[in-house]
1. Enter the Cα centre distance for the pair the range 228-249 and the range 53-124, rounded to the nearest angstrom.
2. Taking the beta-carbon count within 10 Å as an exposure proxy, list His58, His257, His43 from fewest neighbours to most.
3. Tabulate in residue order the Karplus-calculated ³J(HN,Hα) for the range 315-323, using 6.51 cos²θ - 1.76 cosθ + 1.60 with θ = phi - 60°, rounded to whole Hz; enter x for Gly and Pro.
4. Please give the Cα centre distance for the range 310-370 versus the range 125-192, rounded to the nearest Å.
5. Once you've got the GNM for the chain with C-alpha springs shorter than 10 Å, pick whichever of Glu350, Glu102, Glu128 has the biggest mean-square fluctuation.
6. Based only on other Cβ atoms within 10 Å, what is the fewest-to-most ordering of Ile100, Ile211, Ile56?
7. Determine the alpha carbon to alpha carbon distance for each of Lys83/Lys224; Lys25/Lys86; Lys25/Lys160; Lys160/Lys184; Lys86/Lys108 and list only those over 29 Å.
8. Using modelled backbone amide H atoms (1.01 Å from N, in-plane), which distant-in-sequence or interchain residues come within less than 5 Å of Leu111's amide H?
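Quick note: the coordinates plus some simple rules give every number you see, no bench work behind them. All figures in this text were calculated on a predicted structure; none of them were measured in a lab. Positions of Cβ are generated from backbone atoms using ideal geometry, with glycine treated the same way; all protein chains shown enter the neighbour counts.
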Amino acid sequence: RLFDQLIPLPHGTTYNSYLVRGSEKTALLDTVDPETMDLLFAHLDRLGVKKLDYVISHHAEQDHSGTLPMVVERYGCQVVTNKKCKGMLLDLLDLKDEQIVEVEDGEKLSLGNKTLEFLLLPWVHWPETMGTWLAEDRILFSCDFFGSHLASTQLFADDKMMVYEPAKRYFAEIMMPFRTQIRKNLAKIEGLGIEMIAPSHGPVYREPAFIMDAYRDWVSDEVKNEVVLAYVSMHGSTERMAERLTDALMRRGINVHRFDIPVTDLGNLAVSLVDAATVIVGAPTVLTGPHPMAAYAAMLVGALRPKTKFAGIFGSYGWAGKMPEQLTQMLSPVRAELFEPVISKGHPKEEDLKRLDELADQILAKHRGIGIAG
Ligand code: FEO
């Protein structure tokens, strides 16, 4: 239910481990989370696999690497990975140096009539990540890159409506901070002539243009005429302000994704950050700072570093506090242009609500300034 004890998984997930059988040798591409090790071994038994020559490790995170020591023990195979990943595997798992073979970017490994070519694809989403290109079948095994948290009985991502949102959510939650690196990785695989993308989570793409085009859109600098408005309210003051701002933005033709943080799946908040030009956080003051749930959401926005251009804060306080300053600090990694905070002492008065209308005017002017609002 919670991947990495952080990310809700409304559609479940899969750990994809791929078996490639050449005329001379056999390789397993990635393993699985140790929780599903028995399932992996049952599948390999059902396929009659008695011997593995290699197990390729694209990524050291344990949902793919965690079962490597058990696979090595069961099949006596060598682990094949890049230098950086090798170091991390030795840190994270009970493996020995001599069990791991290092490969370089572009190096090939022959299985007889099939050849694995290793491509370093850093920062999707760790520094050591790589993929494998199987030229004979024109398949790119991309590990987390292009993945989706989606468990389905359909092996292929032919139902694009079903796959798009989980893939975007996955991108938003772990890939979004690395947009610049992802652009380079997209360029690197551009000319391969890929016919199939086999990621390590979710279904396999046999129309790769679908997910590659989606990624090009998500990593671009283009933003939409949208505001993400995330807020918490304890006694109704901040909620009243959220309602007024939503209404004011709507009347100005701006699409608002509004989230009442305590009842929000933060994955949905992350998805809406992929495209929005502006993010606004609303919070009451608890003791001397922002409500902790607003702080959590603001820190998440800061950590995900969306391409958001503008940001703002509104909220309320009883007697004093540093709520706006602290939220501003938490949002600072986004490097967005900040609007003047709109803060109400106690419940919002008419002049406070008018300041929210003015904030909506400022947002519209900024959106017009970058050519996304009419
Ligand atoms: Fe699916 Fe980064 O592990």
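1. For the range 228-249 versus the range 53-124, the Cα centre distance is 50 Å.
2. His43, His257, His58
3. x, 9, 8, x, 10, 6, x, 10, 4
4. 36
5. Evaluated over the chain, the most mobile residue of the options is Glu350.
6. Ile100, Ile211, Ile56
7. Working: Lys83/Lys224 40 Å; Lys25/Lys86 22 Å; Lys25/Lys160 35 Å; Lys160/Lys184 25 Å; Lys86/Lys108 17 Å.
From the list (Lys83/Lys224; Lys25/Lys86; Lys25/Lys160; Lys160/Lys184; Lys86/Lys108), the Cα-Cα distance tops 29 Å for Lys83/Lys224; Lys25/Lys160.
8. Those qualifying (amide H under 5 Å, at least 5 residues apart or on another chain) are Leu116.
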